[in-house]
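To start, the structure under review is shown below, and the notes come after it.
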Amino acid sequence: MEFSYEVKDSYAEVKADGRLNMVSAPKLREFVTDVIAGGSNRIVVNLENTAFMDSSGLGALIGCLKAARQAGGDLRIAAVQPQVNMVLKLTSMDKVLTAYPTAEEAFSND
Amino acid sequence: MTRFWTQVVVVLTVLTGLNYIAWRWMASLNWEAWWIALPLVVAETYSLIDVMLFGMTVWKLKIRKGAPQPPHDATVDVFITTYNEDLDMVLTTALAAQRIRHPHSTWILDDGARPELKALCEQHGLGYVTRSGDWTKDLPRHAKAGNLNNALMVTHGEFLLILDADQIPEPDILEKTLGYFNNRRVALVQTPQYFSNVPASDPLGSQAPLFYGPIQQGKDGWNAAFFCGSNAILRREALMQLGLVGYVKETEKSIRRALAASRAAIKQARKSADVESPLVAGVLDEVEAATREAQEEVDAGRPLSEVTYRVRRRVDAAVQTLVEADIAALQADLEEIAAMELAHVGEAGVPVVADDAVRRMSARDWSPLGALESVQAVLDALTVERSNEAQPVMPLATISVTEDMATAMRMHAMGWESVYHHEILAYGLAPEDLKTMLTQRLRWAQGTIQVLLRENPLVQKGLKMGQRLMYFATMWTYLSGFAAVIYFAAPIIYLLLGILPVSSLSWDFFVRFIPFMVVNQLLFAVAGRGIPTWRGQQYSLALFPTWIKACTTAARNVWFGRPLGFAVTPKARQSGGPSWSLIRPQIVVSILLAVAAVVGIIRLVTGLAEPLGTLVNVAWVVFDLVVMSILVRAVLYKGYEPAAEPVNREES
């Protein structure tokens, strides 16, 4: 799995390419924590190239959400792929993490 | 009577042969030219072993007097296997099969799944079988063996007559063969393969009168008659037993392999820096304990299905614990977020992850264990479902492109008996051009070498020594390509350079060599009872590039998993003019031989070479060229013309 980020006008976009699983989940936490520590608390995780997510990956996303909220910001997700979407629905986490079609739209109304 | 005289000549051949070869090894080697002397004596030893195995084969020549009355209630399925052959031809064969007198069902096994053929079958009241839905794209199809294995699952006759699409059976084929099965141990009756589109001169060497004659009759004497893929009747019970035994063996093998691999996979996963969480380490501990326990159970002979089921249950439970821990942590995070009151966490408070969601997240395809790919792969292999094959039970062996040989050998190893019935009861079509013929010979040779390398008959449990040697004899003959190269090289080297691989061509040589050669030819004449064997002898030498290619490609396939470059033998003639390029190596060798002969004679005239050596080697060259001359006729052969040469059905 590969992570990258880019600071945009009102938010920082984190890209997580690959499979978000037991092995890569701790790395996502670490990566997002670092981004927040760098001063961005409005985070969009772009899941465009995340084909798969397991329970550890989901746990990491929620963990990152907590970190963003604790820093006074928020975490949103964008471009969710089918399997990830199924996991979110199944666990009701779609009620916690709203999926936006694109990263640009995630913070467009606030 | 034939058998007595054959045995006399066999004894003489062995005695003269050993006398010659012992002298060659002990007293005749020209060590100064060891680089040709040694290969030549090895090649000669190879040939002597070949002749001795032939002698052993015909030693037990079995001439059967016909089968007893068959049980009239024996049920039979007639299978006609096809892939892409001409529909007219397939239908002609099928309608002839329908007219077989003993009650039976006729099935066309269409591996090409052609709707037109299906329609023809419905129209003529023929059974039609294609691969079932289990044969998905990602699973091996196993060519003809797969086609037959598939059909075995949807039919139920006690006996199976297998016919290639071009083999038109006689109406009495079953009446003449089924009676052999009155012996409950007989699993196979093979009849000859004979081709009706071959002129008497047989330019492509299509008829195999020596094989479908003394060789099969000899193998029959050793209870090792070969199954040759078509024109044969098989006992379903034997095939099914083969499939079941094979299934159990394969499963145990793959489970043992997976258990052995699991140790390495777990160790590797532990080492990898990615896995630091104590939860993951816990799962790995559990997986390791489960596989260790499974190993003990397998060693103790516990049923494999139970063992694998228990491993799976244990691993599943561990994975579920892991998922539950993930979800619990997530839930705790959500509670904290809610407690911060910083933003909404959903209209109805903190959502709770349901138990069935946990179960779904723990299932094989979404399991966190999937992240440890090597561990997951090993666990997937711990199954009795044989998920890497379309059907768990594969009655016809799939280890070789010549499934027939491999299948019969396994039957023999399980104690079944076989019969060779020496009477032509089906008429087929041989290739009518060199290219197709070469493809066919290459395939046979490749398949044979695959069996040798995968299930060497010399070490198979259950086979009698005679049976081992009968299978080995056929495999041994396919190594002749390497010997041929040496036989071509030796006269060329002498005639061009004057280097003789033997220390001297003297009385000592001729007195040993000539009796052996004479008796050797006599053996073929006596054992063959006047059948033409010369064409076969020519091709066994002249097709040396094919034999070598078969050995190298089969070895690469078996040892390194490389593809064979396998092709179905086309039944229709390939178009185009004479294709000399097919025999390029043979043309090069022939030119070298001719040039060497000319140079040798010049050297003789100018006093550089001695007369006797030159004479022997020029004679050798002439023999080689006469042997290879058949290829010229083969390249120029324009296919069979029935008007010019009527088929003589009596000849075999």
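Values quoted throughout were computed directly from the atomic coordinates according to the rules given, and no laboratory measurement underlies them. What you are looking at is a predicted structure, and each value in this text was computed from that prediction instead of being measured. Counting neighbours? That spans all protein chains shown, and the Cβs are built from the backbone with ideal geometry, glycine included.
Calculated [222 nm] ellipticity per residue, helices only, for the protein assembly as shown: -17500 deg cm²/dmol; basis is -39500 (n - 2.57) per DSSP H run with n ≥ 4, divided by all residues, nearest 500. Can you tell me the FRET efficiency between B:F482 and B:W35 if r is taken as the Cβ-Cβ distance and R0 is 22 Å, rounded to the nearest 0.05? The formula returns an efficiency of 0.90 here. Could you name the lysines whose alpha carbon sits less than 17 Å from that of A:K95, not counting residues in the same chain fewer than 8 places away? Counting by Cα, and skipping residues close in sequence, A:K95 has these lysines nearby: A:K66. Straight-line cross-link reach from B:K219 at under 21 Å between alpha-carbon atoms covers these lysines, not counting any fewer than eight positions away in the same chain: B:K60, B:K62, B:K65, B:K176, B:K461, B:K464. Using the Cβ of A:M1 as centre and a radius below 9 Å, the other residues enclosed give a net charge of 0, where K and R count +1 and D and E count -1.
Cβ-to-Cβ counts within 10 Å put B:H102, B:H124, B:H421, B:H156 in ascending order as B:H156, B:H124, B:H102, B:H421, the fewest first. Per-residue mean of foreign Cβ neighbours for B:327-333 is 6 (Cβ atoms of other chains, 10 Å radius). Remark: the stretch B:306-316, residue by residue, has Karplus-estimated 3J(HN,Hα) of 5, 4, 5, 4, 5, 4, 5, 4, 5, 5, 4 Hz, where x stands for each Gly or Pro and the curve is 6.51 cos²θ - 1.76 cosθ + 1.60 at θ = phi - 60°. A simple spin-label model places pseudo-atoms 7 Å from Cα toward Cβ; at B:S272 and B:V42 they are separated by 4.6 nm. What is the list of residues in the stretch A:69-89 whose amide nitrogen lies under 19 Å from a point 7 angstrom out from the Cα of B:M340, following Cα to Cβ? Residues A:69-78 qualify, since their backbone N sits under 19 Å from the label point. Within the stretch B:461-565, the trypsin sites (Lys or Arg not before Pro) that combine a DSSP coil assignment with at most 13 other C-beta atoms in a 10 angstrom radius are B:K461, B:R529. Within a straight-line Cα-Cα reach of under 15 Å, B:K137 can be paired with the following aspartates and glutamates, leaving aside sequence neighbours fewer than 8 residues apart in one chain: B:D111, B:E389. Mean separation of Cα pairs under 8 Å and 6 or more residues apart, divided by the residue count, gives chain B a relative contact order of 21 percent. Taking Cα centre as origin and charging only the Cβ of basic (Lys, Arg, +1) and acidic (Asp, Glu, -1) residues, the dipole magnitude of the protein assembly as shown rounds to 3260 debye.
Using the Cβ of B:G301 as centre and a radius below 13 Å, the other residues enclosed give a net charge of -3, where K and R count +1 and D and E count -1.
For the stretch A:87-98, putting each phi into the Karplus relation 6.51 cos²θ - 1.76 cosθ + 1.60 with θ = phi - 60° gives couplings of 4, 4, 5, 4, 9, 6, 6, 5, 7, 9, 10, 6 Hz, in residue order, rounded to whole numbers and with x for Gly and Pro. Residues in the stretch B:427-443 carry Karplus couplings, in order, of 10, x, 10, 8, x, 10, 9, 4, 4, 5, 4, 5, 4, 5, 5, 4, 5 Hz; the curve used is 6.51 cos²θ - 1.76 cosθ + 1.60 with θ = phi - 60°, and Gly or Pro positions show x. Computed from label points 7 Å out along Cα-Cβ, the spacing between B:R454 and B:R99 is 3.9 nm. Between B:V599 and B:L139, what FRET efficiency follows from the Cβ-Cβ distance if R0 is 60 Å, with the result rounded to 0.05? After rounding, the FRET efficiency stands at 0.55. Within the listed set A:V96, A:V32, A:V14, the residue fluctuating most in the Gaussian network model of chain A (springs between alpha-carbon atoms under 10 angstrom) is A:V96. Which FRET efficiency value, to the nearest 0.05, is calculated for B:D73 and A:Q81 with the Förster distance at 60 angstrom and r the Cβ-Cβ distance? Given R0 = 60 Å and the Cβ-Cβ separation, E is 0.45. Cα centroids of the stretch A:5-26 and the stretch B:474-488: 64 Å apart. Think of the protein assembly as shown as a dipole: +1 on every Lys or Arg Cβ, -1 on every Asp or Glu Cβ, centred on the Cα centre; then among B:T477, B:T436, B:A597, B:A597 lies furthest on the positive end.
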